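Asker: Below: one structure in structure tokens.
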Amino acid sequence: MALPPITPPLTDAEILETLRARQAGIASFSAEGKGSLSGTTGGDGTFRWQCWAQGTTRMRLTLTHRLKGCLADLVIEGDRATCYDPEGGVLERGPIQSLRVPGLRQTASLLRLLAGPADTLDFGTAPESRLRLTTDAGHRWDLTLNRRYLVYETADLRAQPSETPLARVDFILKEYRAVTGVPRPMVMVVDQPGEPWKLRLRVQDLRLG
């Protein structure tokens, strides 16, 4: 990891203040990079992805393949999603969680986590180093924090109030990089408990507005 450790160690209150301030400075989020999908039947392979987000309410995410062209084009407004699948010739409309493309709704939720505010972030009653972030009335992120570097190690998305696991993200610690003086994850592995697929995303260009 090419990041300096946080010294001296921060209290829980100072950690929350720092993390909230980091997110509060993000008005827009623009990123692109490479990805790979494995564990599916006929869908494995590599692709490029591009994303633009304004908080958690507005987002566009596109996936493209070098030979096949556009694989998916997703637009999110609030909690409503419109996704075009060129290969299947299908246009889907509905809640984000209704998307059927493997890994797409989990990736959208992850990007909303990275782009959105952290005003509800709290340790709550969770064990030390475990944070909770409520993104809306129906979803909550449980986050494992590395206190030495003040970065996330894992993130689990759960439906509320059922606690049903919807996604898991592993942030690769050695791939964190400082962007405008703040550590940002450059490689993330996404899956869903009980599902065979695994998605790996690498950020190659990140711009924060």
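The values are calculated or read from the model by the stated rules, or taken from the named source; none is laboratory data. This one's a predicted model, so the numbers in the text were calculated from it and none came from an experiment. Neighbour counts run over all protein chains shown; Cβ positions are idealised from the backbone, glycine included. Ligands, DNA and RNA are stripped out before the accessible areas are found, and what is left, the full protein with its side chains, is counted by its heavy atoms. Shrake-Rupley method; radii C 1.70, N 1.55, O 1.52, S 1.80 Å.
Asker: Go through segment 185-197 and count every residue that is buried (at least 18 other Cβ atoms within 10 Å of the Cβ) and either charged (D, E, K, R) or farther than 21 Å from Glu32 by Cβ (or both).
Answerer: 2
Asker: In segment 53-107, which residue that is open to solvent by 30 Å² or more (accessible area, probe 1.4 Å) and touching a Phe, Trp or Tyr at 6+ places or on another chain (Cβ under 7 Å) is farthest from Val189 (Cα to Cα)?
Answerer: The residue in question is Leu91.
Asker: So, in segment 120-148, of the ones that are part of a strand (DSSP E or B) and open to solvent by 50 Å² or more (accessible area, probe 1.4 Å), which residue ends up modelled with the lowest pLDDT?
Answerer: So, considering only residues that are part of a strand (DSSP E or B) and open to solvent by 50 Å² or more (accessible area, probe 1.4 Å), the one modelled with the lowest pLDDT is Asp136.
Asker: Suppose we keep only residues that are touching a residue at least 40 places away in the same chain (Cβ under 8 Å) and surrounded by 18 or more Cβ atoms within 10 Å (Cβ to Cβ) within segment 34-52. Which one would you say is farthest from Glu87 (Cα to Cα)?
Answerer: For segment 34-52, the residue satisfying everything is Cys51.
Asker: Can I ask one more? Here is a list: Ala13, Ala31, Ala21. Which entry is of a type outside the set (D, E, K, R), open to solvent by less than 40 Å² (accessible area, probe 1.4 Å) and not in a loop (DSSP other than H, G, I, E, B)?
Answerer: Ala31
Asker: Can I ask one more? Can you confirm whether segment 23-32 contains a residue that is β-branched (Val, Ile, Thr) and within 26 Å of Val182 (Cα to Cα)?
Answerer: Yes.
Asker: Do we find that Val169 is assigned to a strand (DSSP E or B), buried (at least 17 other Cβ atoms within 10 Å of the Cβ), at pLDDT 95 or above and of a type in the set (Val, Ile, Thr) in this structure?
Answerer: Yes.
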